Amino acid sequence: MAWTTFSAGTVAKADEVNSNFSNAKEELGEIKQFALSITGAVTKSSLQARGWAICDGTTPATQGITDSTITTTPDLREQFLRHSADETTGGTGGSSTHTHTTSNTGWTNDNTTNDRIAYATSATGNATYRITEALTTSSVGTLPPYYDICYFIKVKIV
């Protein structure tokens with residue numbers, strides 16, 4: 001329902017007044033989270049009918065929302081939200097993986113096993129020790145535990 005303006009002396013119906021308060025709670029550009037997969041929860045189509053577009057980087061028009069005030073949505077799929085330090089929005093960063101590397105300082109390679117080898121002599125000089133370390137590098141995930149939800153942005157007051 002659209003915003004209803006009442007003039008002095010007009011009798012207003014409760015649903016019209018309540019509709020105004022309902023619409024007043026939702027601001028254009030506001031982003032909310034919805035758990036669409038929970039039984040009894042709102043659905044994507046019911047949210048879109050109320051002017052909410054899913055934040056997937058597409059336009060509201062491609063989601064079936066016509067005449068929206070906001071014409072594009074941020075792509076928040078597989079993203080963690082972070083409060084901006086300077087009150088600007090749209091910045092991105094981070095990585096879902098990182099790589100550990102090692103250097104060969106003080107080590108020699110054993111061509112037969114691909115191990116790194118270092119030799120050390122005891123403090124008394126009586127023994128020499130062979131120390132090996134296998135070279136391993138890998139990429140590992142850095143995501144903390146999470147629960148998938150959907151972000152929607154208010155693009156049109158209905």
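The values are calculated or read from the model by the stated rules, or taken from the named source; none is laboratory data. Bear in mind the structure is a predicted one, so any value in this text is a computation, not a measurement. No Cβ is skipped: glycine too gets one built from the backbone with ideal geometry, and neighbour counts run over all protein chains shown.
Restricting attention to the stretch 20-30, does a residue exist that is surrounded by 13 or more Cβ atoms within 10 Å (Cβ to Cβ) and at pLDDT 70 or above?
yes
Out of all the residues in the stretch 37-70, which are more than 23 Å from the chain's Cα centre (by Cα) and crowded, with 19+ Cβ neighbours inside 10 Å?
Those that are more than 23 Å from the chain's Cα centre (by Cα) and crowded, with 19+ Cβ neighbours inside 10 Å: ILE65, SER68.
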